[in-house]
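Student: Submitted below is the structure of interest, expressed as structure tokens.
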Amino acid sequence: MCLLGRKHQWLAGRYSCVAGFVEAGETLEEAVVREVAEEAGIRILPSSIRYASSQTWPFPSQLMVGFYASVSDGKALPTPQPADGELEAVAWFRADQVRTMLSPEAKAPALHLPPRKAIAHRLVADWLASLNNQNKSEVADALGHD
């Protein structure tokens with residue numbers, strides 16, 4: 001499952017990754033934990049945080065950094081709720097829903113993601129691809145192929 005949120009000022013149906021800024025004296029990993037808790041009301045496992053990629057931001061001296069993280073060790077997913085008023089909605093999306101949101105035909109008001117040039121688009125697309133690769137590997141293992 002993929003956690004995505006939306007701001008009220010975005011186009012109808014647009015969802016994106018949870019995002020935020022690093023506070024002074026805070027590590028990137030601490031910022032990931034804090035931002036997800038503040039914006040989605042979800043506690044993630046700090047040990048699960050993995051760097052994914054980065055992208056310049058259109059403001060001076062700013063850089064966007066993308067990470068993946070997990071929320072539990074096989075337990076039921078917690079229910080996300082916009083926690084700090086920054087997001088209008090936050091929800092878990094299944095792989096099939098994300099696949100639809102990534103399609104070029106997905107546009108407002110239907111559920112959709114930011115444009116391909118956005119780091120959020122790349123993070124979600126790479127997450128989906130990793131699931132496909134994992135499934136292929138599991139099938140190959142089950143069939144006894146390398």
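Each reported figure results from applying straightforward, stated rules to the coordinates on display, with no laboratory input. The structure presented is a predicted model; accordingly, all values stated were derived computationally and were not measured. Please note: Cβ atoms are built from the backbone with ideal geometry, for glycine as well, and neighbour counts cover all protein chains shown.
Student: Place a point 7 Å from Cα of E26 in the direction of its Cβ. Which residues in segment 49-72 have their backbone N less than 20 Å from it?
Tutor: 49-71
Student: Cut-off 10 angstrom, C-alpha nodes, Gaussian network model of the chain. Which of Q62, Q97, Q81 fluctuates the most?
Tutor: Q62
Student: Oh, and also: Compute, for the chain, the length of the dipole vector about the Cα centre, with Cβ point charges of +1 (Lys, Arg) and -1 (Asp, Glu) only. Units Debye, rounded to 20. Intermediate values should be presented prior to the final figure.
Tutor: Values: 14 positive and 17 negative charges, 115 e Å.
It works out to roughly 560 debye.
Student: Right, next: Suppose each label sits 7 Å from its Cα in the direction of the beta carbon; what would the A12-Y51 distance come out to in nanometres?
Tutor: Each label point lies 7 Å from its Cα, and together they span 4.2 nm.
Student: Let me ask another. Could you work out the helix-only [θ] at 222 nm for the chain, with each DSSP H run of four or more residues adding -39,500 (n - 2.57) and the total divided by the number of residues, to the nearest 500 deg cm²/dmol? Intermediate results must be reported in sequence, preceding the final value.
Tutor: Details: 3 runs with 46 residues, N = 146.
Rounded to the nearest 500, the figure is -10500 deg cm²/dmol.
Student: So what's the net charge close to M101: Lys and Arg +1, Asp and Glu -1, counting the other residues with Cβ under 11 Å from its Cβ?
Tutor: Values: positive: R14, R94, R99, K107; negative: D96, E105.
The answer is +2.
Student: Residues in segment 81-105, backbone N under 19 Å from the label point at Q62 (7 Å along the Cα-to-beta-carbon vector): list them, ranges by number please.
Tutor: 85-88
Student: Between T79 and N133, 0.36 nm times their residue separation minus their Cα-Cα distance comes to what? Working shown, then result.
Tutor: Working: separation 54, 0.36 × 54 = 19.44 nm, distance 2.74 nm.
Extra length from T79 to N133 when fully extended: 16.7 nm.
Student: Next question, about the same structure. Mind checking the alpha-carbon convex hull of the chain and giving the volume per residue in Å³?
Tutor: Details: hull volume 20.6 nm³, N = 146.
Output value, Cα hull per residue: 141 Å³.
Student: Can you pull the one-decimal nm distance between simple spin-label points at E88 and R116, each 7 Å off the Cα toward Cβ?
Tutor: Using points 7 Å along Cα→Cβ, the separation is 2.7 nm.
Student: Under a GNM of the chain (C-alpha, springs under 10 Å), which listed residue has the highest mean-square fluctuation: L45, L113, L87?
Tutor: Maximum among the listed residues: L45.
Student: Output ³J(HN,Hα) for segment 21-27: one whole-Hz value per residue in order, computed from phi by the Karplus curve 6.51 cos²θ - 1.76 cosθ + 1.60 with θ = phi - 60°, and x for Gly and Pro.
Tutor: 10, 7, 7, 4, x, 9, 7
Student: For segment 64-121, what is the charge dipole size about the Cα centre, in debye to the nearest 20, if Lys and Arg each add +1 at the Cβ and Asp and Glu each add -1 at the Cβ? Mind dumping the intermediate values first?
Tutor: Values: 6 positive and 6 negative charges, 58 e Å.
Computed about the Cα centre, the dipole is about 280 debye.
Student: Continuing with the same structure: Among W57, L111, A95, flag the residue with its Cα farthest along the positive direction of the charge dipole of segment 30-111, charges on Cβ as +1 for Lys/Arg and -1 for Asp/Glu.
Tutor: A95
Student: Restricting attention to the alpha-carbon atoms of segment 27-111, what are Rg (one decimal) and Dmax (integer), both in Å?
Tutor: Over segment 27-111's Cα set, Rg and Dmax evaluate to 14.8, 41 Å.
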